[in-house]
Amino acid sequence: MKRFIFSALALACLVALAGCEPRAEKTTAAEGAAKSRPQKLIITAIPDDGDADRMRENFGALARHLGDAVGIPVEYMHVENYAASVTALATGRAHLAWLGAVTTAQAHIQMNDDLVVLGARDIDKGFVSYFVAHSEAGINPVDDLKELADAAEAKGWTFTFGSKNSTSSHLMPRNFFTEQSGRSPESVFRTVAYSGSHDVVMQQVAAGAFTIGAMNFASWDKASDELKARAPIIYKTPPFTNYCLTARADLGEELLAELRSALLSLSMDTEEGRKVLSYLKAGKFIEADLEEWAGYRVLLESGVDIGG
């Protein structure tokens, strides 16, 4: 009799456990999904604007827009140099990063398939840089950089790039200069320096600290008329692909899709959209794929000198 009661109790326990298992699995799956979605997202950006407060204000507006769209708080984290933005994304200190083409390639080299592109501005697939000159140097616009190189070598002019890791204030201007003139900037100009950011390049050229500098067109366009008059454009480069908003792939396809949709929805029709797009000199964001930046990775892995 006791054996029967024991067997019956054991059977009842097994049935009860079997009945509970599906519910336990469902609860665990739901909890896992909730845990996989971050409680907070961090966005950073290459500091190509020398005004950190202006960057905090405008990328803060982008962070709020993305956060409202996906239902997760998004905070902007300012970094002091280009390399720090790549490191922050690669190590997970940041989930999103606004990068130029060089820094996108550097992040891709470090992260491989862990990097995705969410989108680019409508101006980023036909981006250009400007060579600007101190107004009192009396330098006329040129159609070819060989002409500029010949004059610079003869007159002892000085030159400044922005950051060493900048696409539009270093790598591409250097590339076009070398291709067209057949010489490196260092072999032509009396001094070649790095001012750190586009707006500082313009300020230093306008002040006469350097005769000529290279910067992106968007930074020149949003400068004051006074600065434009003191640092006029003397050469416009051929177009190239540049900035994009990147993200860590481990955010998951669902959240990445939501972030991409939110980015592409930025519009001049809203106050926040106008703020972000006006600051970034864009009309809208468009779809983009990491493959469009693959050539820059090949270029960096080939050993091209970016002044490091």
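The values are calculated or read from the model by the stated rules, or taken from the named source; none is laboratory data. This is a predicted model, so every value here is computed, not measured. When we count neighbours, we look across all protein chains shown, and the Cβ atoms used for this are built from the backbone with ideal geometry, even at glycine.
Details
- Only one of E153, E147, E136 that is part of a helix (DSSP H, G or I), touching a residue at least 40 places away in the same chain (Cβ under 8 Å) and charged (D, E, K, R): E136
- Boolean, A223 is under 24 Å from the mean Cα position of the chain (by Cα), free of Cβ contacts under 8 Å to residues at least 60 places away in the same chain and closer than 17 Å to A149 by Cα: no
- For segment 226-235, a residue qualifies if it is in contact (Cβ under 8 Å) with a residue 24 or more places away in the chain and surrounded by 14 or more Cβ atoms within 10 Å (Cβ to Cβ), and the qualifying residues are L227, R230, A231, P232, I233, I234, Y235.
- Filter result for P173 (at pLDDT 95 or above, under 19 Å from P239 (Cβ atoms), crowded, with 22+ Cβ neighbours inside 10 Å and assigned by TED's automatic domain parsing to the domain that holds N216): yes
- Matching residues, segment 253-305, being in contact with a strand residue (DSSP E or B) (Cβ under 7 Å, 6 or more places away or on another chain), buried (at least 18 other Cβ atoms within 10 Å of the Cβ) and among the charged types (D, E, K, R): R260
- Selection within segment 172-200 - within 28 Å of D49 (Cβ to Cβ), more than 28 Å from the chain's Cα centre (by Cα) and among the polar types (S, T, N, Q): T191
- Selection of segment 243-262 for residues being under 30 Å from S166 (Cβ atoms) and out of contact with any helix residue (DSSP H, G or I) (no Cβ under 8 Å at 6 or more places or on another chain) yields only R260.
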